[in-house]
1. Looking at the stretch C:228-263, which of its residues are surrounded by 24 or more Cβ atoms within 10 Å (Cβ to Cβ), facing another protein chain (nearest Cβ under 9 Å) and not hydroxyl-bearing (Ser, Thr, Tyr)?
2. Sort out which residues of the stretch A:22-35 are charged (D, E, K, R), touching a Ser or Thr at 6+ places or on another chain (Cβ under 7 Å) and either assigned to a strand (DSSP E or B) or exposed (fewer than 14 other Cβ atoms within 10 Å of the Cβ) (or both), and write them in order of number.
3. Which of the residues spanning the stretch A:17-28 are touching a strand residue (DSSP E or B) at 6+ places or on another chain (Cβ under 9 Å) and farther than 20 Å from A:Gly81 by Cα?
4. Counting just the residues of the stretch B:181-220 that are at the interface with chain A (Cβ under 8 Å from one of its Cβ atoms) and among the β-branched types (Val, Ile, Thr), which one comes out surrounded by the most Cβ atoms within 10 Å (Cβ to Cβ)?
5. Could you say which residue among A:Leu164, A:Leu194 is assigned by TED's automatic domain parsing to the domain that holds A:Asn150 and out of contact with any strand residue (DSSP E or B) (no Cβ under 9 Å at 6 or more places or on another chain)?
6. Residue by residue through the stretch C:91-123, note down the ones that are at pLDDT 80 or above and away from chain B (no Cβ under 14 Å).
7. Checking C:Val65 against (1) over 26 Å from B:Leu311 (Cβ atoms); (2) within 14 Å of chain B (Cβ to nearest Cβ), only one condition comes out false. Which one?
8. Taking the conditions exactly as written (within 12 Å of chain B (Cβ to nearest Cβ) and not in a strand (DSSP E or B)), does A:Ala169 satisfy them or not?
Amino acid sequence: MSEYVLETKNLGISFGGIKAAQDVNLKIKKNEIYGLIGPNGAGKTTVFNMLTGVYKPTTGSFYLNGEELKGLSQEKINGKGIARTFQNIRLFNNMTVIRNVMVGLHNLPEFKCGIIPTIFRFPRQFRTERQMVARAEELLKIFGLYEYKNQLACNLPYGKQRKLEIARALATNPKLLLLDEPAAGMNPQETAELMDTIRFVRDNFDMTILLIEHDMNLVTGICDRVTVLNFGTALTEGKTAEALSDPEVIRAYLGDDN
Amino acid sequence: MEKLKSLFKKIKWKYAVNYVAIGAIALVLTALTMSGGIKQSDLFLLEKITMNIILAVSLSLVVGFLGELSLGHAGFMCVGAYFGGITSMLLESSGIMAGDGVLSFVISMVVGAAVAGVCGFIIGLPALRLRGDYLAIVTLAFGEIVKTIFQNVTFEIGGKTVGGPIGIRTPRFDKQYFFIIGFVLVLIAIAVIQNLIRSKHGRAITAIRDNEIAAKATGINVTKYKLCGFIVSAVFAGIAGVMYSFANSNVTASVFDYNKSIEILVMVVLGGMGNISGAIISATFITFLDVRLQSVLTGDLAVLNDMIYALVLILVVIYNNAPALRPFREKYNARKLLSRFFGFFRNKHGYADDEGKWDRVPTKIDMDELLSVDVIVNESVQKPDKEEKK
Amino acid sequence: MDFLITLVNGLSLGGIYAMIALGYTMVYGIAKMLNFAHGDIIMVGGYAILVFLSVNPILAIVFSVLFCIGLGIAVEKAAYKPLRGASPLAVLITAIGVSYFLQSLAQIIFGASPKYVIIADLGSLVIGEVSISYGTIITLACSIVIMIALTLFVKLTKTGRAMIAVSEDKDAARLMGVNIDHIIMITFAIGSALASLAGLFSLLRVPTIMPTYGALPGIKAFTAAVIGGIGSIPGAMLGGILLGVVECVCNSIPTVAPYTMAIEFAILIVILLVKPTGILGKKRREKV
């Protein structure tokens with residue numbers, strides 16, 4: 001067992017020779033909220049895409065609790081314990097809120113039920129279905145979405161959609177949660193609420209969280225440590241306040257001030 | 001008694017309505033046949049209706065729930081018809097059993113369905129790589145390839161050469177009650193597909209339809225479920241094909257061209273995407289109308305049949321989809337009108353379900369391909385580079 | 001030498017397919033729809049020639065082109081325009097409906113039986129022992145000229161560039177002052193004109209016409225457009241010519257001839273599996 005939940009070693013990827021990310025070394029401890037920040041186009045989402053198997057890294061590798069996950073498919077990586085949300089919300093829009101969460105529960109071993117038992121309606125099918133509904137309702141209650149459970153996901157207000165996405169990711173029972181710009185498009189009050197939610201998730205689900213964010217209030221508010229990316233490489237990493245006061249970082253965000 | 005009552009209450013009537021209605025209709029028709037109240041031509045119509053219901057329901061799984069446009073459904077039917085027909089001919093010529101009996105039908109059905117299922121698997125493979133229009137044309141191509149091959153290949157059965165352009169002569173199942181077998185198969189098809197959809201696996205399938213990227217990230221095995229959808233759909237199309245070969249004494253491949261595929265697609269679409277009951281109703285209605293109009297409009301008027309069909313199709317689609325007609329549509333829709341009369345159509349929660357909403361169900365046809373006048377040479381930008389050697 | 005003739009025949013047939021495929025591709029690129037009724041425009045074009053053929057062949061051809069342009073625009077306005085912004089599947093089904101409608105209308109007016117349309121007896125070019133019909137040569141020459149003209153039109157004229165803009169980003173083009181409806185109308189007009197010419201050239205090859213005349217070339221041209229990469233103008237040309245040559249070569253070998261169609265579609269499937277967007281198609285990954 002490694003001391004880090006997520007460890008990346010020289011993780012990098014290039015597209016047509018252009019290096020979108022290079023030598024990214026993250027070391028995230030258990031129950032940490034870790035920020036991945038940087039200006040637009042710095043390669044933050046690319047790192048997420050590598051960690052979730054959308055892209056296969058060109059160089060380096062990454063490990064979840066010491067187990068190498070590089071090269072696995074997206075669904076396998078999810079099964080190993082990395083779940084994510086998306087920058088532009090991706091819900092199952094034509095399904096109800098509760099069904100969205102139930103899709104997240106799909107692969108949990110306690111809800112195993114093959115295709116044949118479901119087609120022939122074995123008692124097991126009804127039992128797992130009942131249990132899945134109960135678990136999903138539990139999750140929805142935690143996120144304050146219970147009253148919306150029978151609405152179509154696309155009809156939810158924006159902030160609730162973000163929450164639902166987190167709930168769906170948590171339903172897959174991950175060890176590491178990746179949040180891609182969770183506060184994008186939120187007003188200050190919604191952001192404050194979101195910060196509470198993220199802390200709540202860490203404390204109550206025993207979760208480790210890696211997040212991308214531009215909202216510095218949120219980053220300074222909840223992140224224990226951050227890594228700052230620029231042009232695909234890590235500028236600095238460390239405790240949030242220290243890293244953000246690094247002159248290199250300020251230059252990256254505000255440009256050279258000669 | 002109390003227990004029975006609670007059980008009765010537990011049944012979701014909205015979903016049971018299909019079985020109850022079809023079972024009742026089948027019983028009434030059986031009674032009528034026994035008493036000799038149905039003409040031979042009507043029996044033919046009934047056989048055709050049961051076949052088309054199975055085809056529409058099975059295609060609905062792929063188009064409405066998996067969200068992949070398939071234009072080759074008749075290809076699976078063709079495979080089923082030929083392999084089923086040949087099996088029954090082999091059974092008869094080898095003297096094992098009469099080719100037109102129930103047992104022969106069951107054996108042929110298993111063979112036809114299995115081969116069609118294999119074809120479904122083969123067509124499911126490109127579906128993993130291709131989407132939308134591209135998949136549509138591949139399924140269309142598959143149907144045409146199957147048709148062309150069966151049009152030209154000949155077989156040797158019992159010393160006689162069969163196949164080729166004239167097709168095969170199958171032992172026709174000329175008992176009156178063939179349509180009852182048809183109804184039983186309809187019930188089986190609906191049960192299997194509806195149970196599949198209303199389970200965790202069905203949820204996974206609809207999740208892929210709604211957002212494939214999110215489904216993958218949520219741990220859904222897209223490969224497995226896409227293949228599963230295509231195989232189940234193809235198996236039932238194959239069964240419908242076997243029924244065709246037993247209902248008609250002659251099977252020619254030219255029947256199963258892409259027009260037949262489109263006819264099935266139209267039934268699914270008019271029934272409301274992702275709505276099994278709708279597919280059943282529209283398959284019944286369209287087949288009935290088609291056969292009746294054919295017998296009423298004869299000679300020069302026969303072509304009016306196609307014209308009416310085309311006009312109705314265009315008008316229904318425009319009425320159901322035109323953005324400008326939305327307020328009108330919300331005021332007068334079939335679901336609302338029906339719910340006024342039948343309780344089980346009413347939505348207790350007052351939420352919008354995802355069934356029967358045309359504009360809500362995306363087929364992935366709307367990819368953002370562009371009109372280009374330049375030849376694209378450098379494609380590497382979209383793909384990550386190969387892993388570097390250490 | 002035989003092979004050379006087959007090749008010339010194939011190129012000429014390919015030119016016809018390319019002309020139809022261009023209609024598919026342009027409509028797809030700009031209106032983002034599969035116009036399944038496009039093949040039937042060929043049939044209408046053929047019948048339109050038949051109407052005035054006894055008066056004057058040239059007049060008949062001009063009438064046919066103009067009539068098809070009018071028909072293309074009318075169909076767009078009546079059937080497709082109300083559905084702009086609706087689900088693409090709905091538009092596809094409507095197009096299928098339009099296709100059935102045109103076929104049955106032609107059957108009501110002209111009857112189901114095939115009609116002979118001999119536009120002109122052009123004769124054949126004889127070189128030594130072999131002969132190639134002038135119709136084939138004219139078709140080949142015209143299709144090359146048309147393709148060059150179309151490419152130049154799209155690249156150089158203001159309207160052409162507006163078409164590219166609409167296909168790239170409809171909303172942005174609208175904000176830049178491009179009249180979308182106008183551009184879509186022009187696209188349908190060009191597509192229909194090409195289809196009517198394709199009808200004319202196919203009649204030079206085989207001078208019979210019936211209501212389902214356009215269905216098969218329509219499907220083949222659609223296949224050609226997809227092989228080349230739907231949405232790509234050079235792709236449609238390449239796909240059309242490739243398909244035409246393959247068809248003529250296959251048809252020239254007696255044992256293979258019955259399976260020509262299966263071979264053509266098999267080529268399509270193989271190409272799509274190797275290159276999922278066709279030979280020259282643009283590939284756009286969905287941003288995650």
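The values are calculated or read from the model by the stated rules, or taken from the named source; none is laboratory data. Just so you know, these numbers come straight off a predicted model, no measurement behind them. Positions of Cβ are generated from backbone atoms using ideal geometry, with glycine treated the same way; all protein chains shown enter the neighbour counts.
1. Scanning the stretch C:228-263 gives C:Gly229, C:Ile230, C:Gly231, C:Ile233, C:Gly235.
2. A:Asp23
3. Of everything in the stretch A:17-28, those that are touching a strand residue (DSSP E or B) at 6+ places or on another chain (Cβ under 9 Å) and farther than 20 Å from A:Gly81 by Cα turn out to be A:Lys19, A:Ala20, A:Ala21, A:Gln22, A:Asp23, A:Val24.
4. B:Thr218
5. So the residue among A:Leu164, A:Leu194 that is assigned by TED's automatic domain parsing to the domain that holds A:Asn150 and out of contact with any strand residue (DSSP E or B) (no Cβ under 9 Å at 6 or more places or on another chain) is A:Leu164.
6. Selection gives C:Pro114, C:Lys115, C:Tyr116, C:Val117, C:Ile118.
7. Going through the list (1) over 26 Å from B:Leu311 (Cβ atoms); (2) within 14 Å of chain B (Cβ to nearest Cβ), C:Val65 breaks only (2).
8. Judged against the criteria, A:Ala169 is a match.
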